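K.L.:
Handing you this structure, nothing more for now.
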Amino acid sequence: MISSKREIQDTKKDLENRKKARFKKLVFWLLVDLAVAAIVFALLLYRPGRYKPVDFSSNSDGREQVSRYLTHELGPAFNKGVQYREPFELAVTQEGINDIIARLNWPVESEGILFYAPAVFFIPGTFVLMGTADVQGVKFIVTIELEPKINEQGLLNLQVAKVKVGAVNITPLAKMMAKKMYAQRLATMPIDTKAVQTLIVASLLNDEPFEPVFRVEDKKVRIEKITIAEKKLLLRFVPAS
């Protein structure tokens, strides 16, 4: 009888010890999960140091006005080159392109998300676009890196090299979601598949190269070469029939 009582007591202690061990493991892994979630959230909220969008709040010229860089420098230089019907180069500065895009109609809403405060960076070989995404009051910095390339057939492909939210690389997920949304839009809305904006979207989402030919009044020009240097984009145009 005494031995059986001791066996019962030992069995109870063993069960209690196992329960305590399982509880400790549960608490440990719960803490690990919380720590991982906190780290991931902190990485998502990360704000890159170079992200400094143009702010017109303290500028007297007002953000609603058209950029003088566009109307007095870039536009006239492009039109002049087109009129001569000869190959020409067009240089776009990082400061100038940021002045242009910052004056567009922001914010833009898509799927309940607000996008605003864009900033562009020219890094050798790479076009970087950054902006703020507001999701129900929580702000994330989105970074998209593009590597435009012209192939041997003269077709332009706007390859998306990387997509990041904060410091987290979400490139595969972003491409998958973007393709799905674009396919749904094609299925539900009439879209001109030959329009330049449609060709650009198809290139970004599906890596589909297209002819970089643009019409200016009664003339056409083709982008023959793209060179992205530090803080500068160089475009070489040639007449197109």
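The values are calculated or read from the model by the stated rules, or taken from the named source; none is laboratory data. Only a predicted model underlies this, so the values are computations on that prediction, with no experimental measurement involved. Heads up, the Cβs are rebuilt from the backbone with ideal geometry, glycines too, and the neighbour counts pull from every protein chain shown.
K.L.:
Pick out the one residue from G96, G125, G137, G131 that is surrounded by fewer than 18 Cβ atoms within 10 Å (Cβ to Cβ) and more than 17 Å from I226 (Cα to Cα).
P.N.:
The match here is G137.
K.L.:
Against the definition (touching a helix residue (DSSP H, G or I) at 6+ places or on another chain (Cβ under 8 Å) and surrounded by 14 or more Cβ atoms within 10 Å (Cβ to Cβ)), how does A102 come out, yes or no?
P.N.:
In short, no.
K.L.:
Test of understanding: among V196, V168, which residue is surrounded by 13 or more Cβ atoms within 10 Å (Cβ to Cβ), closer than 30 Å to I39 by Cβ and of a type in the set (A, V, I, L, M, F, W, C)?
P.N.:
Within the list V196, V168, the selection yields V168.
K.L.:
Right, something else. Restricting the search to region 186-221, which residues are without any contact (Cβ under 8 Å) to a residue 24 or more places away in the chain, more than 27 Å from P87 (Cβ to Cβ) and under 18 Å from the mean Cα position of the chain (by Cα)?
P.N.:
Correct list: T198, V201, A202.
K.L.:
Output the residues belonging to region 182-193 that are surrounded by 12 or more Cβ atoms within 10 Å (Cβ to Cβ) and not aromatic (F, W, Y).
P.N.:
Residues satisfying the conditions are A183, L186, I191.
K.L.:
Quick check on V92: is it among the hydrophobic types (A, V, I, L, M, F, W, C) and in the same structural domain as V160 (by TED's automatic domain parsing)?
P.N.:
Yes; evaluated as a whole, the condition is true for this residue.
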